[in-house]
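Coordinate-derived values only; no laboratory data. In this text, all values refer to a predicted model and were calculated from it rather than measured experimentally. Here the Cβ positions follow ideal geometry from the backbone for every residue, glycine too, while neighbour counts run over all protein chains shown.
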C-alpha cells in the first residue's frame, strides 16, 4: 500500500486517465467530487463498522451457544470421572469462558478486516487521499500528507516512515506527531472488541464512526495549531495520480483478513485467559462463602462505599 501512495505526487491534480472505462469514469465523477466524495467516504466507514457488528452478531451468538454445549459436555465428563469440583469449575468457568470471550468476537473482527482489506485493494483508498487535498491545504499542510495518515490505519510505523517523502521538514514533523492519533488496525481491533461487548450493533456502529471522525478532528486541530505558528512557504503546484479502480482479489482479501484477525487474537489470548481465570478466582474464593462474600463482591462494595 505504501508503494501506491508514493505514486500520488506525480501529475497535475486534474484526473486525466484517458484509458479509464466509462463505468470507472462515472464512479470517479462521484468519488472525486467534494459534494459527494466526502459523504461517500463517511458512509464507507459507517458501512465498514455496521457490517462488522450487524453481520457478525448472529455468528457470535452461535459460537456462544456452541461454547455452552462444550462446557456442559466437559462438566458431564468431569463429573463422571469424579474430577474435583474446584478443578472442573476452573476449566469450565475460567479457561473455557476466557477462550470463548475471545472467539465470540472472531466474526466481527474477520468481517471488519475483510472490508478493510477490500477498500485498500480496490484503489479507493487513494481516492480518499485525493479528495482530502482541499482540507489539507486549508490546514496549510501538504495534501499528500493524508496518504501518510491513511497508511496509519494499517500500521502507524509505516505511516511515520512514509513522511520522508514530504518536502517540508515542519510538515514531516507534524505528520509524524498526528499520525499517532490515527488508530492502527491493532487499535481498531481493540476498539471494535470493546464496542461489540458494550453496545448494540447500531450504537456500536455510531460509536466507531464517531471515534474515527474524532481522530480526524483532533489530528486537524493539532496540525493547524502547530503549523500556524510558522511562516508559510509559497504555494506550489500539487500533482496527483490515481490508480484505476479494480476488483480486489478475493484470495488476497481473505488471506489478509485472516492474518490480521489471527494476529490480533494471538496477541490478546493470554490477557483474556489470565483475566478470566483471575475473575473466576476472585468470584469463587473464599471457597464456600458464596458470591456475596467473595473477594470480587467485597472489592465492589469497598469501591461503592468510597467511590
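Which order do peptides 292-300, 55-63 fall in by mean Cβ count within 10 Å, highest first?
Averaged packing, sorted descending, gives the order 55-63, 292-300.
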Given 75-81, 205-211, the highest-first ranking by average Cβ count within 10 Å works out to 205-211, 75-81
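Only counting other Cβ atoms within 10 Å, I'd like 259, 170 sorted with the fewest neighbours first.
259, 170
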